[in-house]
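Shown next, in structure tokens, is the structure this report addresses.
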């Protein structure tokens, strides 16, 4: 991740990125029989969209992220919520080898939510197999394609506005497309994970132009929309979305997924 998620991007991430929904987390916890005795590593944790809600379901969550500002926001969140079993740690997927030396195969699960496209996928899969206990699982979570790739009328208008602003197409799926999901499932099998299960959860939220702007700022480096141009950007965004807002609330439909890949190579837990 690095500096793309520093400064105001991190603060917007904390405010405008939704937690992974409880319904999806509950399915993950149930399938893996996670409990208050278990340790989980949340890789690329951001500002706690998995780590914080998952903490109520497990013993401890080690929350790893390479951007200090993201961890600052996470620390503020856990303090405000009185959460005591989330440990923010500065680090990236490149640091997983020393993590294995420190902890060994002690994790019941490793989660990666909306972040794997920033990482060396093969390295994550290989190192995860060395960190997970017997029958532990790597869980790759997606909150669906970026909102501007939806085919809803307001999203098409948003996509056109972003392409005009940036002067180029905005087509990157950030690893959320179904082809990438299948590629990851095949790669996990090659790394010895078995079985690899895909679970899905679709939900919707009413949003407004202020939320759209905040979400966009959470997804782009500050240089994309400099501070001195943000009023201009937000005014243009409001104008583009106005015809849709006049009809009714903007509806964001989210197709969340989780690939649950079980590791059979570790030692059985003694807990």
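Points to keep in mind about this one:
- Answer from 232, 252, 228, 183 - the residue that is touching a strand residue (DSSP E or B) at 6+ places or on another chain (Cβ under 8 Å) and modelled with pLDDT of 90 or more: 252
- Selected residue [farther than 14 Å from residue 17 by Cα and in contact with a helix residue (DSSP H, G or I) (Cβ under 7 Å, 6 or more places away or on another chain)] from 214, 248, 236: 236
- Identity of the residue in region 173-196, within 28 Å of residue 151 (Cα to Cα) and exposed (fewer than 13 other Cβ atoms within 10 Å of the Cβ), that ends up nearest to the chain's Cα centre (by Cα): 178
- Test result for residue 147, crowded, with 18+ Cβ neighbours inside 10 Å and either within 24 Å of residue 238 (Cβ to Cβ) or free of Cβ contacts under 8 Å to residues at least 60 places away in the same chain (or both): yes
The values are calculated or read from the model by the stated rules, or taken from the named source; none is laboratory data. The structure displayed is predicted, hence computed values, not measured ones. Here the Cβ is made from the backbone with ideal geometry for all residues, glycine too, and neighbour counts use every protein chain on show.
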